[in-house]
Every structure is written in structure tokens, then in C-alpha cells.
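The structure appears below as C-alpha cells.
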Amino acid sequence: MKPYSQAAHIRGLGSPHDGPDELPNLLCLCPNHHVLFDGLEIYIDVDDVVRRTHEGDSLGRLRRHADHRIDESYLQYHRTLCELSRLTKK
């Protein structure tokens, strides 16, 4: 089987998130991590460590490509959603 990846919007498109469909708002993820990211089960912390929302454990570091600038404000927005999810599921 060949490797397969998907473009995941960091700040979701449409209401209520109203994120833009632009490269700084995209991550390249495998399908499984895409589902976990959209479901607020994983997030990227301020040190580029991918973490589980509820357990807090690390899944590894985000690998970045030098030519792909990710807007930190979108990652912060996603982290906020994950924190709210974590607080409501206690």
C-alpha cells in the first residue's frame, strides 16, 4: 500500500469556525490523524509536539516543511477548542 495523506484545515471551514481555505490553515495528515485532529482528540502544542487532548501524552513532533508557513493563530484556535473539549468531558 502506498502512503496516503490528506489536507486538514486547522481552523475549520464554514460556520461556526469560518476558517479560510488557504495554505497557512492546512496540515498534511494521514487519514487517521485527520479524523483525530478534526474530532479534537489531538492538538499541536506551542512546542510543535502533537498531544492527545485528554491524556496529554505526546505522539511525537510535528514535522514542518521549510516552504510551508503555518499560521500560529489557527493552531491556537484549535488548541482552545481542544481545551474546551477536555474540560467538558471530565
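Just a few scattered comments:
- Just one of the listed residues (CYS82, CYS28) is crowded, with 16+ Cβ neighbours inside 10 Å, under 20 Å from GLN6 (Cβ atoms) and among the hydrophobic types (A, V, I, L, M, F, W, C), namely CYS82.
- Of the set (1) modelled with pLDDT under 95; (2) part of a loop (DSSP other than H, G, I, E, B), all apply to SER85 but (2).
- Count of residues meeting criterion [within 12 Å of the chain's Cα centre (by Cα) and of a type in the set (Asp, Glu)] in region 1-53: 4
- Test: residue in region 15-29 that is touching a Pro at 6+ places or on another chain (Cβ under 9 Å) and either on the phi > 0 side of the Ramachandran plot or not charged (D, E, K, R) (or both): no
- Single residue of PRO16, PRO20, PRO3, PRO24 found to be in contact with a Lys or Arg (Cβ under 7 Å, 6 or more places away or on another chain) and either in contact (Cβ under 8 Å) with a residue 60 or more places away in the chain or not polar (S, T, N, Q) (or both): PRO24
- Every residue from region 29-46 that is under 11 Å from LEU81 (Cβ atoms), in contact with a Phe, Trp or Tyr (Cβ under 8 Å, 6 or more places away or on another chain) and outside any helix (DSSP H, G or I): TYR43
- Residues of region 47-79 that are among the acidic types (Asp, Glu) and either assigned to a helix (DSSP H, G or I) or surrounded by 13 or more Cβ atoms within 10 Å (Cβ to Cβ) (or both): ASP48, ASP71, GLU72.
- Among the residues of region 35-46, the ones that are surrounded by fewer than 18 Cβ atoms within 10 Å (Cβ to Cβ) and either in contact with a strand residue (DSSP E or B) (Cβ under 6 Å, 6 or more places away or on another chain) or modelled with pLDDT under 95 (or both) come to 1 in all.
The values are calculated or read from the model by the stated rules, or taken from the named source; none is laboratory data. Computed from a prediction, not measured in an experiment: that's the story for all the values here. Note: ideal-geometry Cβ built from the backbone for every residue, glycine included; neighbour counts use all protein chains shown.
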